[in-house]
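Heads up, the thing below is written out as structure tokens.
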Amino acid sequence: MKYVFKTLAAVTFVIDFSVRLFEKSARCLSIFSSRFKLSFLLLSLIPFYTSTSAWAASSNEELRGLWIDHKEPEKQKVAVWIEDCNGTLCGRIYWMKRPLNREGKPKTDAHNPDPNLRERPLCGMRVLSGFKRTDEVTWADGQIYSPSDGNTFSSTIKLEREGAIKIRGYVGISLFGKTLEWVRPTEKLQQCT
């Protein structure tokens, strides 16, 4: 909704500017018909409309794909693949720095509050779900699952201009939460199995 209001305000500004510019031009070019004047006005809006819709589409595409949990390589622990899931965005564990437990077996969801799910492997497990786009750079109404403690938090994702995403996990209201910054990996990561 916020995106619609921003777009309408910008369109109103462009129309007002175009009309004023056109009125000045029309004084000099009074021989043109009103049909030409309307065509001129509509054509002047095309670059504005395509640029705003292009940013919206590109930001939606930019969120999909592989993200890693920290920009400093020595602090990276997990990478998540974000994709479409039935009209919302979700994310699955793609890579883990330490995919094996102390016994040399693949790590499982050992802290899940549901005992029936504690044996499922972490690799490939969905940890982000239900994110819906609310404006050109924000997705909300999602959830993030923390395998380290078995808790699920309400969550939002915001795409930053510098190419990172900020994921906010919280309980109740966003004020009481934690923000993580994820970045695109700088090297090729081997998908865990």
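The values are calculated or read from the model by the stated rules, or taken from the named source; none is laboratory data. Since we're looking at a predicted model, the values are computed, not measured. Don't worry about glycine lacking a Cβ; one is built from the backbone with ideal geometry, like all the others, and counts go over all protein chains shown. Ligands, DNA and RNA are excluded from the accessible area calculation, which covers all protein heavy atoms including side chains. Shrake-Rupley method; radii C 1.70, N 1.55, O 1.52, S 1.80 Å.
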Carbon and sulfur %, accessible surface of region 116-193 computed with the full protein complex present, 1.4 Å: 50
Loop chymotrypsin sites (Phe, Trp or Tyr not before Pro), region 137-188, which have at most 11 other Cβ atoms in a 10 Å radius of their Cβ (DSSP): 176
Restricting region 64-133 to GluC sites (Glu not before Pro) in coil, as DSSP defines it, with at most 12 other Cβ within 10 Å: 103, 119
Qualifying trypsin sites (Lys or Arg not before Pro) for region 160-193 [loop in DSSP, other Cβ within 10 Å: at most 11]: 161, 188
Note, ³J(HN,Hα) from phi for region 138-152, Karplus 6.51, -1.76, 1.60, rounded to Hz, x at Gly and Pro: 10, 10, 9, 6, x, 9, 10, 9, 9, x, 5, 9, x, 9, 10
Extension gain, residue 118 back to residue 74 (0.36 nm per residue minus Cα-Cα distance, nm): 13.0 nm
